[in-house]
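See below for the structure under consideration.
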Amino acid sequence: MENKKELRNWLDAFGLDHPLVIAGPCSAETEEQVLKIAHQLKDSDATVLRAGIWKPRTRPGNFEGVGALGLKWLKKAKEETGMLTTTEVANPHHVDLALENDIDILWIGARTTVSPFIVQEIAEALKGTDKTVLVKNPVNPDLSLWLGAVERLYTQDIKNLGVIHRGFSAYEKTKYRNNPEWQIAIELQNKFPDLPLILDPSHIAGRRDIIFDLCQTALDLNYDGIMVETHHTPDDAWSDAAQQITPSTLIQIMKDLKIRKEIS
Ligand code: PEP
Ligand code: MN
C-alpha cells in the first residue's frame, strides 16, 4: 500500500515478513541464555532477536543489564541463527557501541522517550543512519512526547523509523501492567501513516495469559508487527519474569492468531 512505503522499504531491505515478529528475552543474562533462546526461536516466525543489555530500571537495586558484553552475544546469536538483532539504546554512547557491533535495529525505551534532551542527543548520534530505529511510547499517556521523539529523529534524517506501543502507566491498578490506551497509538498512526506500528504486548500485560488477546487485537487494528518477550525458562528470568513466554508458547500463539499477511 502506498501509505506504508517506508514500512515496505525497510521490510524489503531486510527481507522480512509482514507482520514483523521480534522476540527474545527482556534482558540478556548470559551468553548461553541468549544463544539458547535464539536457537529455540529459529523455527518460529520471529525474524528479529531482542535482548536488553542496558536496562533502565525504575527503582535501584534491580538487575541493570550486562552492558556492552551482551553485544558480542547478540552478534554470535545472529551468526549462528541468521536472525537480525535489536537492543535498547538510552544514550549516544550506547548508540555508538550498538552501531560498532552490527546491531540491526535500535529501540528507544519508554523511560527515554519521556526525555527530550536525551532523545535529541540520540537522534544526533544517529544522524543520517539507515539503521531501523523504533521508538517506544513514553511511560505516561502523553501523545506529544511520543510525537516529539519521532519528529526529533525525522529531523536528523533518520528514515527507517517505526514505533512500538508498550502501554501507559497509571496510578490505579488494572488487569494490565501498563494500560493499552489503544486510541493514543491510533492517533499517532493517523498523524504518521507511514510509520510501522508494532505492539509490545509483554509490557502492557505484565503477565502471560493475556499476551495472545493483545496480539490479536493489534493485528485486527492493522498493526505491522509484535515484539514479545520470550525466555527459555521464564520463571527464572532476571527481569520481567511474570510476563515472559517460552519460544514454544510463541510458536503456538503465532499458529492461533488470525493474521492477514498483506500490508494495509
Ligand atoms: C524492555 O523492552 O524490556 C523495556 C524495558 O521496555 P520499556 O521501555 O517498554 O519499559
Ligand atoms: Mn522487559
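The values are calculated or read from the model by the stated rules, or taken from the named source; none is laboratory data. Predicted model, so just to flag it, every value in this text is computed and none were measured. Using ideal geometry, Cβ is built from the backbone for each residue, glycine included, and neighbour counts are taken over all protein chains shown. With ligands, DNA and RNA removed, areas are computed over all heavy atoms of the protein, side chains included. Shrake-Rupley method; radii C 1.70, N 1.55, O 1.52, S 1.80 Å.
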*asked:* Tally up the residues in the range 42-75 that are assigned to a loop (DSSP other than H, G, I, E, B), within 16 Å of ligand 2 (Cβ to nearest atom) and under 17 Å from L97 (Cβ atoms), please.
replied: 8
*asked:* Condition first: at pLDDT below 95, more than 25 Å from I118 (Cβ to Cβ) and open to solvent by 40 Å² or more (accessible area, probe 1.4 Å). Can you find one or more residues in the range 59-75 that meet it?
replied: no
*How many residues are farther than 19 Å from G24 by Cα and of a type outside the set (S, T, N, Q) if we restrict to the range 220-256?*
4
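Do we find a residue being modelled with pLDDT of 95 or more and crowded, with 22+ Cβ neighbours inside 10 Å anywhere in the range 11-19?
Step one: of the range 11-19, the residues modelled with pLDDT of 95 or more are none.
There is no residue in the range 11-19 that is modelled with pLDDT of 95 or more and crowded, with 22+ Cβ neighbours inside 10 Å.
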*Exactly one of (1) within 12 Å of ligand 2 (Cβ to nearest atom); (2) more than 13 Å from E88 (Cα to Cα); (3) among the hydrophobic types (A, V, I, L, M, F, W, C) is unmet by A23. Its number?*
(1)
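What is the residue count in the range 182-210 for residues that are farther than 21 Å from W107 by Cα and either in contact with a Leu (Cβ under 8 Å, 6 or more places away or on another chain) or hydrophobic (A, V, I, L, M, F, W, C) (or both)? Spell out the reasoning first.
The first filter runs over the range 182-210 and keeps only residues farther than 21 Å from W107 by Cα, leaving 183, 190, 207-210.
Applying the additional criterion that residues be either in contact with a Leu (Cβ under 8 Å, 6 or more places away or on another chain) or hydrophobic (A, V, I, L, M, F, W, C) (or both) yields 210.
Final tally of qualifying residues: 1.
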*asked:* Where the second residue is open to solvent by less than 20 Å² (accessible area, probe 1.4 Å) and charged (D, E, K, R) and the first is farther than 14 Å from L84 by Cβ and lies in the range 25-47, which pairs have Cβ atoms under 8 Å and are six or more apart or on separate chains?
replied: P25/R50; P25/E229; C26/E229
*asked:* Let me spell it out: the conditions are (1) within 14 Å of ligand 2 (Cβ to nearest atom); (2) closer than 22 Å to A90 by Cα; (3) aliphatic (A, V, I, L, M), and A205 meets all of them except one. Which number is the exception?
replied: (2)
*Scan the range 125-140 and report the pairs whose first residue is in contact (Cβ under 8 Å) with a residue 40 or more places away in the chain and near ligand 1 (Cβ under 10 Å from one of its atoms) and whose second residue is open to solvent by 40 Å² or more (accessible area, probe 1.4 Å) and of a type in the set (D, E), with Cβ atoms within less than 9 Å and a gap of 6+ or a chain change.*
N137/E181
_Flag if T233 is hydroxyl-bearing (S, T, Y) and either within 13 Å of ligand 2 (Cβ to nearest atom) or buried (at least 16 other Cβ atoms within 10 Å of the Cβ) (or both)_ = no
*With the checklist (1) open to solvent by 40 Å² or more (accessible area, probe 1.4 Å); (2) away from ligand 2 (no atom under 16 Å from the Cβ); (3) within 26 Å of K255 (Cα to Cα) in hand, flag the one item P196 doesn't pass.*
(1)
*Out of all the residues in the range 130-179, which are within 16 Å of ligand 2 (Cβ to nearest atom), touching a Ser or Thr at 6+ places or on another chain (Cβ under 9 Å) and within 16 Å of A218 (Cα to Cα)?*
K136, N137, R166, N178
*asked:* Any residue in the range 236-253 that is open to solvent by 30 Å² or more (accessible area, probe 1.4 Å) sitting within a Cβ distance under 9 Å of a residue that is within 13 Å of ligand 1 (Cβ to nearest atom) and of a type in the set (F, W, Y)? List the pairs, counting only those 6 or more apart or interchain.
replied: W238/F63
